Structures are given as C-alpha cells and as structure tokens.
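Values in this text are rule-based calculations from the coordinates and carry no lab data. Every value quoted in this text rests on a predicted model; they were computed, and no experiment measured them. A quick note on method: Cβ atoms are made from the backbone with ideal geometry, for glycine too, and the neighbour counts reach across all protein chains shown.
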Amino acid sequence: MNDQPAVQSKSIDTDNWFWSAFVEHKWSYIQIIVAAGLINIFSLASSIFIMVVYDRVIPNNAVESLIALTTGMVIVIVFDFTLKFLRALFIDSVGRKIDLKVARRIFKRLEDLKLSAFKGSVGELVNSVREYESIRDFCTSATLATVVDIPFIMLFLLVIWAIGGSLVIVPILAIPLVVITGLLIQPWLAKYSQAGMSEGQSKQSTLIEVVSGLETMKALGAGRMFLNRWEKAVANHSEISLKSRLLSQITVNSASTAQQISQIGIVVYGFWLVVAGDLTFGALIASVILSGRCLAPLGQMANLMTRLNHARSAYRKLDALMRAPHEDMSERDVLRRKTLDGKIEFNNVSFRYPGQNTNVLENVSFTINSGEKVAILGRIGSGKSTVLRLASGLYEPDNGAVMIDNTDIRQIVPEDLRNNISMVLQDVFLFSGSVKENLTLGREDITDEDILRAAELSGVQEFIGAIPNGYDLKLRDRGEGLSGGQKQSISLARALVRPSPILFLDEPTSAMDNNFEAAVVSRLKQTMQDKTVVIVTHRASLLQLVDKIIIMDKGRIAMMGPRDQVLQKLAQNQGPNQMQKPVQSEGQDA
C-alpha cells in the first residue's frame with residue numbers, strides 16, 4: 001500500500017495570508033516611499049523658483065540668473081516626471097506580483113474549503129471573492145500614492161514656516177476642518193460600506209440564480225417573482241450607495257472649502273505682513289502655492305476613506321473564508337497513500353448536513369471488501385448518496401469512522417484519496433470547455449487511448465464520434481444542449497478514464513433510455529472486474545453488476561447480504577415491484 005510520511009506542503013498562514021505578501025515585497029515599497037519623498041521635494045522647486053524670480057530676478061533685471069534658474073527647473077521637471085513614472089511603475093509591478101500571490105492563496109483556500117463549512121448562497125461566496133478587487137485597488141493603485149503623500153504634509157508646513165513665518169498658522173488651522181469632518185463621517189461610511197456589501201451579495205445571488213436557472217424560470221413562469229427580488233435588491237443597494245456618496249461629497253466639499261479658506265487667509269494675512277515689511281511679495285505667492293500642495297492630499301480624503309472602508313469590509317469577508325475549516329493536511333501527522341486496495345468500512349457512522357436538525361445517517365456500519373461490487377438501495381432521502389459522499393471524503397462523519405484499507409480517511413491526504421476514487425455524481429456537472437477537457441480535467445497522464453476506451457465503455461463514442469469536431473466540441477455551461485443521458489454518459493466516461501481501484505456510481509444511468517443503458521451495463525461488466533464498486537441506484541438493470549446489496553431506510557441499514565438472497569427476501573415479503581422498500585429490522589442480514 002506504499003505508506004509514506006506525508007509530504008509537508010507549505011500551508012497558507014491564515015493569520016497573515018494577505019499581509020505576508022506585502023512583507024515579501026517590502027523593498028519595493030521602500031523604493032515607492034523614497035520616490036514619493038523625492039517627488040514631494042521636487043514639488044517645492046516651482047514655489048521657490050517663483051519666489052526667487054519675484055524677489056531677486058525681476059528687481060535686479062538678472063537675465064542670466066533667470067536662464068540658470070529656468071534651466072535648473074527644466075532638469076527638476078524631467079526628474080520629477082521620471083520619478084512619477086517610476087513610482088507608478090513600481091506600484092503597478094509590485095501590485096501585480098501581490099495580486100497573483102494573494103489571488104492564488106484565495107483560490108487554493110476556496111478549493112480546499114470543506115463542504116461542511118460552506119454557508120450561504122453561491123452568489124454570496126462569489127461576491128466575497130470578487131470583493132478582493134477592492135482590496136487590491138486600495139493597495140496597488142493611485143490610492144496608495146495618496147496614502148504615501150499624506151506624511152509629507154509636514155514637509156510643506158515646514159517650508160511655509162521657513163519662507164513665510166507665521167503664515168503657516170493659516171493652513172495649520174485649515175487642516176483640522178478636513179480631519180475632524182472625516183473622523184465624524186467615518187463611522188457612517190463604515191456602516192454604509194458594510195451594508196452596501198451585503199446588498200451587493202444579495203443582488204449577485206439573485207443574478208447567479210436567475211442565469212443558472214433561466215430555463216426553469218421561463219418554463220415555470222417565475223419571472224415576476226425574480227424580477228421583484230432583483231428590483232428590491234437593486235433599490236436597496238442604490239439607496240445605500242446614494243447615502244455613501246452624499247457623505248463622501250461632504251468630505252470632498254470640506255477639503256475644497258479648507259483649501260479656499262487657507263489660500264484666502266494667507267493672502268489677507270500676508271498682505272499685512274508685506275505692508276509691514278516682514279514678508280516679501282515672492283514669499284507670499286510661494287506660500288499660497290505651497291498651501292495648496294499641503295492640503296491637496298487631504299482633498300482625496302473622502303475617496304480614501306470610502307475605498308478604505310470598502311477594502312476593510314471585503315477583507316473581513318475574505319478573512320472569514322481563509323479561516324474557515326479546510327482540507328489542508330500540512331498541519332496533520334498523516335501518511336501518503338499513493339495506492340489503495342479498496343476495502344471500505346463504516347464503523348457506527350452518524351452524520352447530519354450543516355444547518356439540519358436530524359441525522360441523515362444513524363450508526364451505520366458495514367464492510368465492503370476489496371474488489372466487491374455492492375448496490376445501495378432505499379427510498380428517497382434514506383442516505384444512499386450520503387454514504388458515497390462520506391466514503392469519498394467530501395464530508396466527515398459527526399460520529400464514528402469511515403475507513404479505507406484499515407485507515408481512517410481523515411488521515412489520508414485528500415489528493416491521494418481522490419486519485420484512487422472515480423465517482424459519478426447524481427447531479428451531473430459539466431464544465432464549459434471541450435468534451436476532451438471535461439474527460440481529462442487537465443490531467444496530463446491521461447492519453448488519447450484512455451479517452452477512447454472510456455468513451456466506448458460509457459457510450460460517449462456513439463454520439464460524439466458522429467460529430468465533425470468530435471472530442472473538441474465546445475460545451476456550454478453545465479453541458480447545455482446535451483440530453484440528460486448524454487451528460488450522464490460523459491460523466492461516466494470521466495470516471496472510467498482513470499484506472500482507479502474504487503468506483504462510486506450514483507444513479508449513473510437514470511436519464512438513459514433502456515437500450516442505451518443495456519449496452520452501457522453490458523460493457524461495464526468487462527471493466528469492473530478488479531475494482532471495488534459501489535452503485536446507488538433505483539434501476540433494477542444495474543443489479544446484475546453487483547454481488548451484494550445494502551438496503552437503507554431513514555439513515556439506517558435495514559438489510560444487507562448477497563444480491564440473490566436480498567432480492568429473494570424482498571420478493572417474498574413485498575413482491576417484485578417493491579424491492580426497494582425495506583421490511584426487515586435494522587441491521588438484519590439476509
């Protein structure tokens with residue numbers, strides 16, 4: 001069985017899944033900060049240039065000095081342009097690297113998410129992942145440049161104080177107007193940002209549900225109900241967005257008003273200083289320009305806070321996803337099981353689905369030896385499909401243990417477990433892409449010969465072989481345009497294309513016509529000899545493939561034993577047309 005110590009893959013740090021990516025590129029951000037500092041220093045040059053021209057060049061008619069100063073300014077402008085370009089390049093470059101790294105972590109965690117941890121609708125989950133874009137935009141866009149520029153407000157205030165003296169009091173008094181307004185509005189912006197995200201999820205859920213069930217919605221005439229639901233979600237989202245924009249506009253207006261008050265105040269106060277001979281005319285003009293530069297980053301405060309609140313809400317959603325129970329085995333002491341023989345045991349297994357109040361399985365125990373062929377029968381909702389989900393590791397039992405080859409499957413790396421199990425699900429899901437891509441699912445070890453062999457066994461070749469583009473035929477979402485039987489045929493081929501020792505079939509032929517099913521069953525006999533096979537079915541035709549039957553009733557085993565004995569018992573007690581209805585006591589062997 002080739003038990004080996006588990007290969008310790010690097011797990012995702014649930015505490016630092018986002019910020020660790022920034023730490024890895026800290027030198028890039030140091031470069032961005034240095035570039036921002038130089039850009040802000042260069043921005044002082046134009047104000048000083050104007051002050052020198054007014055105070056020195058014009059009174060002395062110093063043409064040569066003007067030429068020298070102008071040449072210097074041209075050089076500064078060139079360097080300023082270059083640094084701004086490099087800063088943008090650095091931000092975009094490091095942002096792309098972080099985006100790829102974090103996006104991969106999110107998708108990997110989504111892939112490893114335990115099905116029992118999944119709560120809410122598909123639309124809510126999709127919207128939570130999509131909201132990562134708001135975090136990325138905040139950390140890798142012009143917003144970041146604004147954040148970096150804010151500390152340099154002190155630099156401009158120092159320069160104003162150096163050239164204008166007490167004039168610096170005016171912008172210092174204007175700054176609190178913007179900051180206090182922003183702080184007062186911040187709680188409301190955070191509230192509406194969270195509410196807007198929730199309403200956005202509701203809108204996204206409705207849209208996904210309508211698109212995925214469009215045919216059913218039309219057939220049942222349910223358009224009015226979904227239209228009302230959509231209009232309500234859009235109206236709520238629009239109302240919250242309107243309130244958020246109004247609050248943001250207040251902050252924008254306060255910043256604009258503060259800039260105007262600051263410039264007017266400097267001119268008025270500066271007038272008296274110039275008259276008194278305490279300030280030059282050039283210094284006054286330079287101070288007016290610098291006050292505008294000083295307050296400019298605060299003018300972006302509204303946009304900054306809106307993006308910040310949106311990013312914080314999105315981060316909380318994604319952080320909850322990253323911390324949700326997952327299948328990452330790197331922290332467990334497990335063994336690699338590259339190859340399994342196929343012995344399956346349920347030991348007093350009980351299970352209920354998340355959010356339900358009753359158990360779907362109750363103290364279920366049975367053993368399927370390697371190479372056995374077993375059918376599971378029972379009423380709707382008796383727990384038949386749940387047995388396959390637990391045996392394949394899609395869910396974990398609440399009590400008891402599911403064993404394969406005498407090992408609890410919770411101690412088997414999920415990748416190893418699923419590489420040894422081929423499965424046909426009751427609800428067939430085909431991915432957009434070619435038929436070949438749906439059969440191989442990206443596995444490079446599957447050859448064209450494997451595909452053709454599986455297609456012959458499942459009957460896919462009968463309808464795909466007659467199409468000009470054959471296995472390159474592009475399927476639409478969920479295989480739209482194919483019949484139910486054709487979808488099941490492709491799903492069966494997908495399970496047979498891999499040489500797995502264990503095969504689970506959940507209603508694999510329920511949508512096939514009798515002739516097609518008979519041909520498939522006949523071919524399946526030839527390929528199942530060396531496999532452990534478990535079939536959940538309501539079709540008597542599939543029972544010829546098995547040598548043992550388990551009858552389920554209300555989550556318990558009602559009967560089990562060799563096929564012919566179980567069928568005989570059912571026929572004696574209930575008649576041949578009711579063989580799926582269990583009659584014997586719990587756990588009775590036939």
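Annotations
- Charge tally in the Cβ shell below 14 Å around Lys97, where Lys, Arg are +1 and Asp, Glu are -1, Lys97 excluded: +3
- Difference of contour (0.36 nm per residue) and Cα-Cα distance, Phe226 to Lys525: 102.9 nm
- Amide H to amide H distances under 5 Å link Lys114 with His326, Glu327, where only residues 5 or more positions off or on other chains count and H is placed in the peptide plane.
- Approximating the spin labels as points 7 Å out from Cα along Cα→Cβ, the Arg316-to-Lys218 distance works out to 4.1 nm.
- Cα→Cβ-extended label distance, 7 Å offset, between Gln31 and Phe271, nm: 5.1
- Distance between the C-alpha centres of the range 472-515 and the range 11-82: 64 Å, rounded to the whole angstrom.
- Using a Förster distance of 56 Å, the FRET efficiency for Asp398-Ile264 (Cβ separation, nearest 0.05): 0.20
- Kirkwood hydrodynamic radius of the chain, from inverse mean 1/r over distinct Cα pairs, in Å: 29.9
- Ordering Thr216, Thr280, Thr367 by the number of other Cβ atoms within 10 Å of each residue's own Cβ, fewest first, gives Thr216, Thr367, Thr280.
- Phi angles of the range 504-517 translate, via the Karplus equation with coefficients 6.51, -1.76, 1.60 and θ = phi - 60°, into HN-Hα couplings of 10, 10, 10, 6, x, 10, 4, 9, 8, 6, 4, 5, 5, 4 Hz per residue; Gly and Pro are given as x.
- Fraction of antiparallel bridges per DSSP, the range 344-571 only, in percent to nearest 5: 55
- With the convex hull of its Cα atoms as the shape, the range 232-304 has an orientation-averaged projected area of 5.1 nm².
- Estimated FRET transfer efficiency when R0 is 60 angstrom, pair Thr367-Arg130 (beta carbons, to 0.05): 0.85
- Net dipole in debye of the range 344-571 [+1 Lys, Arg Cβ; -1 Asp, Glu Cβ; about Cα centre; nearest 20]: 620
- Computed from the C-beta positions of Gln249 and Arg56, the FRET efficiency with R₀ = 41 Å rounds to 0.40.
- DSSP bridge analysis restricted to the chain gives an antiparallel fraction near 55%, rounded to the nearest 5.
- Once both labels are positioned 7 Å from their Cα atoms along Cα-to-Cβ, the gap between Asn348 and Leu183 label points is 6.2 nm.
- Of the residues Ala495, Gln568, Leu390, the one whose Cα sits farthest towards the positive end of the charge dipole of the range 344-571 is Gln568 (charges of +1 on Lys and Arg Cβ, -1 on Asp and Glu Cβ, taken about the Cα centre).
- Added length on full extension, which subtracts the Cα-Cα distance from 0.36 nm per residue, Gln356 to Leu100: 88.4 nm
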